[in-house]
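See structure below.
The values are calculated or read from the model by the stated rules, or taken from the named source; none is laboratory data. Since this is a predicted model, take the numbers as computed values, not measurements. Note that each Cβ is placed from the backbone with ideal geometry, even for glycine, and that neighbours are counted across all protein chains shown. Please note that ligands, DNA and RNA were not included when accessible areas were found on the heavy atoms of the full protein model with its side chains. Shrake-Rupley method; radii C 1.70, N 1.55, O 1.52, S 1.80 Å.
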Amino acid sequence: MKFRVPEVVIGCLLTVAAFAVGMVFMPSARAGEPLLSWFTKDASGIFTSVQVVVATVQAALFFYQLRVIKLSLDDAKVASEAATRQARVAEDALAKIERPYGFVFNVSSLKIVRWEDWENGTEGVRLSVTYSVANYGKLPAVIEAMQVSLSVHAEPPAPVNYDHNHPPAISAVLVPGEPRNDLDEGLAWNDVELDDYEGAPPPPPPPPPDFGGMRLFFWGFIRYRGTFTSGHTTRACWRYDERTRRFVEFNGGREYNSQT
């Protein structure tokens, strides 16, 4: 962009030049007259006065234009910042919509099963639950890590890593809307009273296991990524309610139940 000297500056310079020329060529006969008389009666003085007035008006207009330009630039800056914020909000909204959402849900009631190993002459009791994992977002989810545990503690401990034979490890892509059902997680626990009941009607349900003042927790954690996004996590934790003999959500905060 080329540099242009403002017209008001040129006008002021011309005025100063004309005033100087007038003072130089002012007749010597009028040298003793007051300066005001030269401005009002002499032609060169009148011309110089007009130029001074015009230059003053131009300067006032120039500063007014500067103020108008500054106000317009401020308005343009505010509009630009608003447009940037709107674009950022739209981008965040699109990222929240066009992404996978993983869920751990449908935790079953507690199953208590006795097992026996006739070859080794050992036996015991296994506590287990089944659960489901699904992606209800718009894009497929790729499971990067998964931790699941059924444990007895005073507070929920960190879940352990799943093994390589776990279904989400064998097929790590969760297609939207297709849940993986009947996933199993168990825990060996022998403090359970089971009656060797035979005949009809069916035996009554066994008493709840004795956890020694502790509580039974089921906790699942999934880290996954989408097609365009990454770093998503799902945390879901339940505790066993001995009164209803079912698992209820553990209200321990975002550390145990959250989505990112």
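Figure legend: label point modelled 7 angstrom from the Cα of Met214 along Cα→Cβ; residues of the range 144-186 with amide N under 11 Å from it are 151-157.
Other residues within the sphere of radius under 13 Å centred on the Cβ of Arg223, judged by their own Cβ, net out at +1 (K and R +1, D and E -1). For a Förster distance of 51 Å, can you work out the FRET efficiency between the beta-carbons of Ile97 and Val57, rounded to the nearest 0.05? With R0 = 51 Å, the Cβ-Cβ based efficiency is 0.30. Each of the peptides 170-180, 137-147 was scored by the mean count of other Cβ atoms within 10 Å over its residues; in descending order, highest first, they stand as 137-147, 170-180. For the pair Val50 and Lys77, the difference between a 0.36 nm per residue extended length and the Cα-Cα distance amounts to 5.7 nm. Extension gain for the segment Glu242 to Val142, taken as residue separation times 0.36 nm less the Cα-Cα distance, is 32.4 nm to one decimal.
log10 I(q)/I(0), Debye, Cα-only the range 111-150, no solvent, q = 0.24, 0.28 Å⁻¹? With one equal scatterer per Cα and no solvent, log10 I(q)/I(0) is -0.91, -1.03. In a DSSP loop and with at most 14 other Cβ atoms within 10 Å, the trypsin sites (Lys or Arg not before Pro) in the range 208-260 are Arg243, Arg245, Arg254. Largest accessible area first, the residues Ile69, Ile112 order themselves as Ile69, Ile112 under a 1.4 Å probe with ligands, DNA and RNA left out.
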